[in-house]
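These notes concern the structure reproduced below.
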Amino acid sequence: MSRRYRQLLFWVLSFSLLLSGCAVNTAFKPADLANLPQDPRAYLNPASADVPVLSEAQQSDLAQNYRELYFKPWHSQAPLAETEHPFWAIDWLQTARPFDINLKPVSALRKQQLIEQADQRHYPSMSRPAITVNKSSLRALPTLSPLFNDPQAAGEGFPFDMLQHSSIAINTPILVSHRSLKGDWYFAETVAFSGWIPTEDIAWVDAELIARIEELPLISVVHDRCSLYDAQTRYLGIVDTGTQLPLLTSTENVYSLALAVAGQERHAVLVEAVLGKADAVRFPLQATQRHMAELAAPLLGAPYDWGGRYGYRDCSAMTRDLMAPFGIWLPRNSSQQAKIGRITELQEFSPVEREKLILAEGQPFFSLLTMPGHIMLYIGERQGQAIVLHTAWGLAAKVLFGETQRWLIGATVITTLQPGQEQRKPFLKIKNLRAVTEKMVFPTEIDNQNSAWIPDSSSGRYCIPSYIQIL
């Protein structure tokens with residue numbers, strides 16, 4: 001063995017051992033983040049930026065479909081057809097090895113307490129329409145305390161609280177189908193997501209209030225962390241991009257809204273709230289590339305947030321919230337979003353051919369690219385490469401003789417389909433997104449037979465939400 005070869009082997013082995021000792025590489029920064037403008041408006045084509053991508057009739061149909069799905073919980077009996085495996089977390093507790101908030105295995109006593117509180121054998125114990133009165137979280141079990149898979153494994157531990165289904169906006173219509181044993185949590189269902197919500201975050205609605213809200217037009221919030229106040233400037237809550245609210249009247253600068261709050265015995269009553277016109281638009285917003293780019297621009301750089309637990313977004317929450325103001329309904333997780341609208345399958349093509357097809361047929365700012373556990377918004381072309389906007393946790397990296405690592409991105413970013421490939425070496429393999437992109441989805445192109453989504457129960461892991469980091 002030559003001296004040069006021994007030196008090379010020593011360096012490779014040392015590097016492998018160094019990287020295998022950590023599950024997450026926080027120093028990783030793809031060259032795309034430095035080389036590409038991190039502003040979606042930079043990718044607009046002046047010739048098409050202001051051309052509507054939908055006719056007035058098409059957008060009206062999409063918006064009507066959105067409203068029907070949005071208000072569906074108020075016109076259904078529990079459980080909703082879209083709610084599958086509501087107690088998947090109990091199976092997980094009993095068959096997996098979950099870890100508690102202290103990153104130690106969950107004790108048998110704690111498991112039993114959580115299972116008892118869910119009172120599975122009596123589900124569904126009720127069927128009652130309600131509305132959220134705070135921005136809240138929907139949980140897989142009636143607890144705010146997190147549970148994790150093995151935190152030593154790549155892509156596990158914080159922030160991947162396995163009990164976090166989704167955040168849920170204030171004033172969202174829900175169907176309450178179950179009550180925890182203590183009565184401090186209710187199981188809430190919508191077409192897009194379901195889960196346990198604290199009692200203080202909901203209020204009951206009756207037929208009169210439902211009719212009052214549903215007769216009103218909607219506005220869509222277009223900025224994050226907007227505060228709602230009543231006429232006496234009392235704080236009522238916070239709203240984010242993609243939230244829909246019923247509109248009462250409007251002046252030159254302000255929208256007046258009907259906001260539900262909890263009254264006596266948690267019955268909802270409507271109060272008047274105000275929101276500046278700079279923070280919202282009439283629903284639906286005209287679907288143009290410029291409008292989408294302007295909606296997305298303030299969200300770039302926001303932290304990745306699994307299930308929206310801390311007020312930010314993961315990949316599928318980002319795409320869902322961006323499409324909502326245009327009246328385009330998307331489910332909550334990436335695997336289900338991949339089934340909405342016209343679909344172009346890409347698996348049969350080579351990675352190079354996949355990108356060529358995306359460039360040739362993709363609709364900038366209104367088509368989605370999907371892969372297992374991740375979804376991205378295609379926004380156009382730059383120097384012959386497809387450009388995507390996505391909220392990404394990280395990239396899988398495999399080092400020679402080492403364990404699979406997670407190279408952290410942890411933010412909403414704009415990249416090519418090959419972020420990080422400039423660091424690929426013979427001994428270092430980094431997941432190539434172009435090679436694993438499976439579908440191009442056009443959610444603006446739906447018909448009556450493809451206007452809603454059907455839960456996929458073919459996989460035993462469907463029950464665990466796939467709002468997941470790049471695998």
What is the percent carbon and sulfur in the accessible area of the chain, measuring with a 1.4 Å probe over the protein chains and ignoring ligands? 51 percent
Spelling it out for L248: with amide H atoms placed in the peptide plane at 1.01 Å from N, the residues 5 or more places away or on another chain with amide H under 5 Å from its amide H are S256, L257, A258
Considering only DSSP beta bridges whose two residues both sit in the chain, what percent are antiparallel, to the nearest 5? 95 percent
Would you tally the net charge around I170, using a Cβ to Cβ cut-off of less than 12 Å, leaving I170 out, and scoring K and R as +1, D and E as -1? -1
Testing the spin-label approximation: label points 7 Å from Cα along Cα→Cβ at L216 and A297. State their distance in nm. 3.0 nm
In Hz, Karplus ³J(HN,Hα) per residue of the range 324-340 (6.51, -1.76, 1.60; θ = phi - 60°; x = Gly, Pro): 4, x, 8, x, 9, 7, 10, x, 8, 10, 5, 5, 7, 4, 6, 10, 9
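Leaving out ligands and nucleic acids, note down the accessible area per residue over the chain with a 1.4 angstrom probe, in whole Å². Show your work: numbers first, answer last.
Numbers: 20290 Å² over 471 residues.
Result: 43 Å² per residue.
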In percent, what relative contact order does the chain have, based on Cα pairs under 8 Å that are 6 or more apart in sequence? 19 percent
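Using the structure shown, list the pairs from K104/K439; K104/K339; K182/K277; K72/K182; K104/K398 with a Cα-Cα distance above 32 Å, or answer none. Please report the intermediate quantities before stating the final value.
On the way: K104/K439 39 Å; K104/K339 38 Å; K182/K277 42 Å; K72/K182 28 Å; K104/K398 27 Å.
The answer is K104/K439; K104/K339; K182/K277.
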Quick check on the chain: helices-only [θ] at 222 nm, where DSSP H runs of length 4 and up contribute -39,500 (n - 2.57) each and the sum goes over total residues. Nearest 500, please. -6000 deg cm²/dmol
Distance between modelled label sites at R424 and L357, nm, 7 Å Cα→Cβ extension: 1.9 nm
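Which pairs break 18 Å Cα to Cα here: K29/K429; K29/K431; K111/K135; K29/K425? Provide the component values of the computation, followed by the final result.
Numbers: K29/K429 15 Å; K29/K431 14 Å; K111/K135 28 Å; K29/K425 16 Å.
Beyond 18 Å between Cα atoms: K111/K135.
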Can you work out the Karplus-derived ³J(HN,Hα) for every residue in the range 244-259? Use 6.51 cos²θ - 1.76 cosθ + 1.60 with θ = phi - 60°, whole Hz, and x for glycine or proline. 9, 9, x, 9, 8, 8, 9, 10, 4, 10, 9, 9, 9, 10, 9, 10
Label-to-label distance, nm, for residues given as H75 and S55 (7 Å Cα→Cβ offset): 2.5 nm
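The values are calculated or read from the model by the stated rules, or taken from the named source; none is laboratory data. It should be emphasised that the depicted structure is a prediction, and the values quoted were computed from it without experimental measurement. Because the Cβ atoms are built from the backbone with ideal geometry, glycine has one as well, and the counts that use them run over all protein chains shown. Areas reflect the complete protein model, heavy atoms only, side chains present, ligands, DNA and RNA absent. Shrake-Rupley method; radii C 1.70, N 1.55, O 1.52, S 1.80 Å.
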